[in-house]
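As structure tokens, the structure follows; a few thoughts come after it.
The values are calculated or read from the model by the stated rules, or taken from the named source; none is laboratory data. All values reported here derive from a predicted model rather than from experimental measurement. Don't worry about glycine lacking a Cβ; one is built from the backbone with ideal geometry, like all the others, and counts go over all protein chains shown.
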Amino acid sequence: MIRRIQSRKGPGWSDFYRKGIRLFQARIVSAGSSRISATSRRGRCPRTITLRPETLQNLIYDVTASLIRMGFTHVVFMNNHDPNQLILNHVLQCIRKDFGLVMPSLWPTNMAHSFGQELFADAKRVLIHRNEPSTSLMLALCPEKVRMDLAAESPRDYGKLGEIPYGSSQRLVFRGIKVPLFARVSDVSQTGGYGKPKAASAEIGREILARMAEYTSAFIEEFLKTDNALGK
């Protein structure tokens, strides 16, 4: 949660991919980040605190409301777990209703995917769940944790539910139109990933991180200039 910030050059992230590196210098007020998430498979994610959706919703709301009462007016959320976005969207609607403030949410994976389009010759083939650009980011942040000898190319096809193709574990695609459906990753992939992880490199990861940091800094600086009190 940020009120005033100054950016710096170079890559950086706050508690990002378990081995965070600093995203910004100077005046920054942050509520920090931790591995707290809502999941349909509670207790099966190692070293992760899992909450019921309504608990996470109330937690986010109460923390944000407290910050607003302290005088914070511009809050930027950083969410990287797609299913949590539905919960966050509801919280942001409640914040607007109760305080008249609108607040944005940045999605790191979406940023990394967008920047990766320019860095991979075969972007459509490699920019898929859990392979790219995630592998490059991990190689840049904590290469000692990456087992590239276990990396294997996986099919891009997510399979079908009957005769209806999956677009991902979160949606079907019927006649070209996406249809939300909340399956599990294990329903559509035996490995949990697709694409070409061996196309990854630490150099690409560092470049993606630098672009993500620059984009985030620029967005926050611009958002701080806005009048986000649009009314209840």
(request) Could you please find all residues in the range 71-85 being more than 13 Å from the chain's Cα centre (by Cα) and either surrounded by fewer than 15 Cβ atoms within 10 Å (Cβ to Cβ) or of a type in the set (S, T, N, Q) (or both)? (result) Gly71, Thr73
(request) Would you check which residues across the range 136-159 are modelled with pLDDT under 85 and in a helix (DSSP H, G or I) and list them? (result) Leu150
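Being β-branched (Val, Ile, Thr) and not assigned by TED's automatic domain parsing to the domain that holds Leu150 is the requirement here; does Thr191 meet it? Step through it out loud before you land on a result.
Working: β-branched (Val, Ile, Thr): yes; not assigned by TED's automatic domain parsing to the domain that holds Leu150: no.
In short, no.
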(request) Output the helices (runs of 4 or more DSSP H) that fall wholly within the range 8-120 and possess 3 or more residues being modelled with pLDDT of 90 or more and among the polar types (S, T, N, Q), or say none. (result) 53-70
(message) For a quick check of your reading of the model, give me the residue pairs whose first member lies in the range 198-223 and is on the phi > 0 side of the Ramachandran plot, whose second is modelled with pLDDT of 90 or more and hydroxyl-bearing (Ser, Thr, Tyr), with beta-carbon atoms closer than 6 Å and at least 6 apart or on different chains.
(response) none
